[in-house]
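Here the structure is laid out as structure tokens; the discussion comes afterwards.
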Amino acid sequence: MNISCSKSSLKRIGAKLRHGESLTPEEECCFSEFRLGHRNIIEQFRMRARQHLKKKDHLFASRIKKRQTIICKLQDRFSTMDLTRMQDIAGCRIFFPSIKDLVAFRATFLRLKLRNVKRISEEGQYDYISKPNPVTGYRGIHDVFQEMPTGLKGEIRAKIEVQYRTWVQHAWATALEIWDNYYQHGAKFGREQPDVQQFFLLVSELFWRYLDNGKASPKLDISAKKLFADIRRYDEQLQVLDKFVSIYNSKIRPPARSKVKIVPHKPQSLVLQRSIDVETSKPQRLIVKQTNWNELEENLFKNERTEQGFDFVFVCTDQYARTYNNYLNNPAQFLKYLRRALDLCREDAVGLFGRPDRFYQALDVVR
């Protein structure tokens with residue numbers, strides 16, 4: 001990573017952010033330069049991945065982690081991480097319609113020769129398909145890559161986390177993020193109240209059985225009857241579906257701090273479109289600006305510090321409304337998958353239940 005600030009400076013910045021201390025203007029510039037310094041590794045992965053994504057419903061998306069998300073991760077009471085060791089400031093996601101497609105692409109991708117980059121995660125280390133997160137139910141596979149050393153003293157090497165997900169897994173995962181955008185309890189990280197966490201865990205199992213895989217997970221080998229009944233019971237207690245439908249219908253507003261600017265970044269060689277403002281159907285204002293890396297470097301980080309109430313995220317994707325629907329607070333795909341999976345689960349337990357009208361009524365809005 002070619003940046004002017006030193007590793008020791010970044011460690012001091014990370015320590016200040018962890019303790020809630022303000023940064024000096026010079027430290028702000030260093031922090032911004034460090035984040036943007038991940039652009040080269042993102043571009044390399046974007047170009048190589050797209051060469052091997054052959055199907056229309058295989059998509060690649062990348063992002064530079066939001067400032068506030070970096071701070072939250074540094075402040076996590078279970079973390080002693082310093083800023084230079086964070087693995088997912090640069091991140092990309094690759095989406096597939098099936099587990100079979102996911103596994104096949106990943107096997108091909110890992111055989112590619114990536115210039116000056118090596119994988120630093122062990123095989124199976126972040127395989128949350130074989131071993132889903134036992135608290136949240138998260139599924140997907142991650143690989144972590146890092147730039148090769150150049151031999152320079154005190155060098156900073158960029159890292160990138162690659163996430164492979166099916167569209168079903170993505171809908172479930174972004175539903176947790178949307179939930180957290182509204183309720184700020186940390187369901188994504190397993191810090192929600194236990195009943196809410198268990199609801200999402202059961203829905204993850206429901207999706208896995210009826211939309212992704214067709215088999216029960218070894219650690220959650222319960223009958224279709226019990227799975228259906230437990231999801232219904234938790235929802236009656238917590239009203240999760242009604243809350244998601246209210247979010248979908250924009251009947252409740254997210255906190256002001258959830259407003260976000262999405263900035264799709266494009267390589268310099270592409271012709272740039274005029275910047276546009278988009279008013280979404282949601283109560284927040286989403287501002288989308290298409291720009292190149294140079295414009296990001298010159299203007300955007302300064303604006304991020306001065307425009308109160310906004311958190312910038314820098315993404316590269318052809319379909320940001322689909323790949324980053326969590327920033328739009330749009331749970332439509334999650335609700336559609338949930339209705340489909342519940343129908344299949346109910347058929348599996350045929351004769352055991354009458355149709356639970358209220359339970360299904362909430363889902364009718366997106367059918």
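The values are calculated or read from the model by the stated rules, or taken from the named source; none is laboratory data. Keep in mind that what you see is a predicted model, and the values were worked out from it rather than measured. In this analysis, Cβ positions are derived from the backbone assuming ideal geometry, glycine residues included, and neighbour counts consider all displayed protein chains.
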Next item on the list: Considering every residue within the stretch 350-362, establish whether at least one is at pLDDT 80 or above and in contact with a Lys or Arg (Cβ under 7 Å, 6 or more places away or on another chain).
Entry: no
Check: Do you know which residues across the stretch 65-84 are in a loop (DSSP other than H, G, I, E, B), without any contact (Cβ under 8 Å) to a residue 12 or more places away in the chain and within 25 Å of ASN325 (Cβ to Cβ)?
Finding: none
Note to self: Residues to consider are GLU33, GLU43, GLU26; find the one that is modelled with pLDDT under 90, within 30 Å of LEU102 (Cα to Cα) and part of a helix (DSSP H, G or I).
What the structure shows: GLU43
Next item on the list: Scan the stretch 212-223 and give yes if some residue there is crowded, with 20+ Cβ neighbours inside 10 Å and in contact with a helix residue (DSSP H, G or I) (Cβ under 6 Å, 6 or more places away or on another chain), otherwise no.
Entry: yes
Next item on the list: Considering only residues that are within 20 Å of the chain's Cα centre (by Cα) and among the β-branched types (Val, Ile, Thr), look in the stretch 132-168 and name the one that is nearest to LYS11 (Cα to Cα).
Entry: ILE160
Next item on the list: Hey, can you tell me all the residues within the stretch 49-64 that are at pLDDT 85 or above and either surrounded by fewer than 19 Cβ atoms within 10 Å (Cβ to Cβ) or in a helix (DSSP H, G or I) (or both)?
Entry: ALA49, HIS58
Margin query: Can you report the number of residues in the stretch 8-23 which are of a type outside the set (Val, Ile, Thr), assigned to a helix (DSSP H, G or I) and within 27 Å of the chain's Cα centre (by Cα)?
Written below: 7
Check: Filter the stretch 307-335 for residues that are surrounded by fewer than 21 Cβ atoms within 10 Å (Cβ to Cβ) and of a type in the set (Phe, Trp, Tyr); which is modelled with the highest pLDDT?
Finding: TYR320
Next item on the list: Mind counting the residues in the stretch 203-239 that are free of Cβ contacts under 8 Å to residues at least 60 places away in the same chain and not small (Gly, Ala, Ser)?
Entry: 12
Notebook entry, point to check: Any idea which residue in the stretch 91-105 is surrounded by the most Cβ atoms within 10 Å (Cβ to Cβ), counting only those that are in a helix (DSSP H, G or I) and within 21 Å of the chain's Cα centre (by Cα)?
Noted result: LEU102
Check: Looking at the stretch 70-105, which of its residues are among the polar types (S, T, N, Q) and at pLDDT below 90?
Finding: GLN75, SER79, THR80, THR84
